[in-house]
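For reference, the structure is listed below as structure tokens.
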Amino acid sequence: MRTQEKTNKPQPWHKALAQPAKEFTTTTLKILFGKIPEDLSGTYFQNGTGRLQRGNQSVGHWFDGDGAILRVAIGESQATGTYRYVKTKGYLEETAANKFLYGNYGRRYPGPLWKHIPGLFTGNSVKNAANTAVFALPDKLLALWEAGNPHSLDLETLETYGIDSLGWLNTAQQFSAHPLRDPISGEIYSIGVTPQCQLKIYRCNNTFNLIKQVSIPLKTVPMVHSFVIAGPYLVFLVSPVVIDPLKLLLNQQSFAEAAEWKAQQGTRILIVDRETLNTVSDSNTDDWFQWHYGNGCIETDGSIRIDFVRFDDFTHINKVLREVPTGHIKTEAYGRLWQIRLEPTSGKVLSNECVLDRDCEFPKVAASKVGQPWQHTYFMMHRDGVSTGANWFGALGRFNYVTGQLLQADLGEGYYANEPMHVSNLNGKNWLLDVVFNANEHQSEFWIFDADTLGEPICRLALPSTIPLGFHGTWQSNS
């Protein structure tokens, strides 16, 4: 994302965030263009911040908004949509009070210090917003937020059941918004960074029952947003972002304000055996920051290959995300697709290079390729000739690691992307799904692309109300 000359008028994409989103019950979606593929069958879920205001108050950061889930069910060439807020304890209490009652990523706790200090450890001073990602299990949907337990919801109605410990999490225990499922074993992995400077790693079976957990001591409280599976390993690229715990404890700063960039520390590379959860190697390299990985795998020579969207530092992208709710992005930050190769037993960096010098984010691969050798990484990116974050992302991209070719789908002037979702069926047909905001008509739409060609969408569906620009989604196939 890059800077653009400031104007008094928010950018067109901000219309999607300007007002709290409106819920809707299950509704048949109108086809605006094309037709729904007959052999596409399953359910798409996406999480994001449904509201960024409460009374006359605004959030301090894009990550502070209340979570809201979009569900699009597709089958027999028809589609229905449902959209509901996650009815967290904080959401219900703040709705009744019509004001903010909790701290969050970008907001300090508004109450007294004597309540805030114990509340940091019990979850009573910081709101679990359940706003970052979703994970579908056979009997429930999990709404995820990385600093606390998941919330569980009904898979069809999106009714909130409540906080879900999964049968083994402690109260307010940290749990990643980016768990990963191995497509071969079905096992699920997740993490959490504790205030006691520990990285907890969880290995679970295919229904999230705990198999094993370990704690890796950390010298500081870093920001570990996500990780990657690479064959028999879990890999963590720990950027030099350090949270000042004293400023949090004394309620002097929010999490976003207390996060300091310590470039001199470099990036820590932790490689962990996926089965035993034992540390294989622990090394350091140059400094950078990443939120998200595309994928990882083991190459034929035994090296680890990983791709991710890399930023030069944390400070600037954090400021950009604070500015998103205002509609005026003034700060320059630029994310590129990078690829790193590592020697597992030493953590030595064999190569680390930019493979696509285009501003992009939310890299994704096919679910069947997670942790396995892969060819294509998908992401949202800027349209050709548009390189500024103030314009938001108006295109989807697919990078081919075999040919080095970039394939693009330009959404058009005034259309804005969310994280793309690759889905496929048993016959090997591939699609790319995306929630698109049409600022020209102030309407949110659900687009279906042929993932092998991109280009024009093969179907566009109208959603009943505006869906704010969101975060992460998942797909549950009917087959």
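The values are calculated or read from the model by the stated rules, or taken from the named source; none is laboratory data. This is a predicted model, so every value here is computed, not measured. Glycine gets a Cβ as well: all are built from the backbone with ideal geometry, and neighbour counts include every protein chain shown. The protein model used for the area step is the full one, side chains on, heavy atoms only, and it has no ligands, DNA or RNA in it. Shrake-Rupley method; radii C 1.70, N 1.55, O 1.52, S 1.80 Å.
When we screen Gln196, Gln213 for residues that are among the polar types (S, T, N, Q), part of a strand (DSSP E or B) and more than 26 Å from Gly473 (Cβ to Cβ), the only hit is Gln213. Name the single residue, out of those in the range 25-44 being closer than 18 Å to Gly428 by Cα and charged (D, E, K, R), that is most open to solvent (accessible area, probe 1.4 Å). Selected residue: Glu38.
Output the residues belonging to the range 325-345 that are open to solvent by less than 60 Å² (accessible area, probe 1.4 Å) and either over 18 Å from Gly397 (Cα atoms) or of a type in the set (Val, Ile, Thr) (or both). Step through it out loud before you land on a result.
Here is the first cut: in the range 325-345, the ones open to solvent by less than 60 Å² (accessible area, probe 1.4 Å) are 325, 327-329, 331, 333-340, 342-344.
Scanning the range 325-345 gives Pro325, Gly327, His328, Ile329, Thr331, Ala333, Ile340, Leu342, Glu343, Pro344.
Between Lys369, Lys348, the distinction of being open to solvent by 20 Å² or more (accessible area, probe 1.4 Å) and within 24 Å of the chain's Cα centre (by Cα) belongs to Lys369 only. Those strands (runs of 3 or more DSSP E) of the range 374-441 in which 1 or more residues are of a type in the set (Gly, Ala, Ser) occupy 395-400, 406-410, 421-424.
Would you point out the residue of the range 253-274, among those that are open to solvent by 40 Å² or more (accessible area, probe 1.4 Å) and in contact with a Lys or Arg (Cβ under 8 Å, 6 or more places away or on another chain), that is nearest to Ile117 (Cα to Cα)? Can you show your working first?
Let us first name the residues in the range 253-274 that are open to solvent by 40 Å² or more (accessible area, probe 1.4 Å), namely 253, 255, 257, 260-262, 264-265, 268, 273.
When the remaining residues are screened for being in contact with a Lys or Arg (Cβ under 8 Å, 6 or more places away or on another chain), the result is 253, 257.
Details: Gln253: 13, Glu257: 17 Å.
That would be Gln253.
Do we find that Pro240 is closer than 30 Å to Gly111 by Cα and either among the aromatic types (Phe, Trp, Tyr) or surrounded by 15 or more Cβ atoms within 10 Å (Cβ to Cβ) (or both) in this structure? Spell out how you get there, then give the answer.
Numbers: closer than 30 Å to Gly111 by Cα: no; either among the aromatic types (Phe, Trp, Tyr) or surrounded by 15 or more Cβ atoms within 10 Å (Cβ to Cβ) (or both): yes.
Judged against the criteria, Pro240 is not a match.
Scanning the range 74-84 for residues that are within 21 Å of the chain's Cα centre (by Cα) and surrounded by fewer than 23 Cβ atoms within 10 Å (Cβ to Cβ) turns up Thr82, Arg84.
Rundown of residues vs (1) touching a strand residue (DSSP E or B) at 6+ places or on another chain (Cβ under 9 Å); (2) under 22 Å from Leu142 (Cα atoms); (3) buried (at least 21 other Cβ atoms within 10 Å of the Cβ), yes/no style:
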position: Ile184; (1), (2), (3): no, yes, no
position: Tyr189; (1), (2), (3): yes, yes, yes
position: Thr194; (1), (2), (3): yes, yes, no
position: Gln198; (1), (2), (3): yes, no, no
position: Pro217; (1), (2), (3): yes, no, no
position: Ala230; (1), (2), (3): yes, no, yes
position: Val235; (1), (2), (3): yes, no, yes
position: Asn251; (1), (2), (3): yes, no, no
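In the condition set (1) open to solvent by 30 Å² or more (accessible area, probe 1.4 Å); (2) assigned to a loop (DSSP other than H, G, I, E, B); (3) touching a residue at least 24 places away in the same chain (Cβ under 8 Å), Pro110 is compliant with all but (3).
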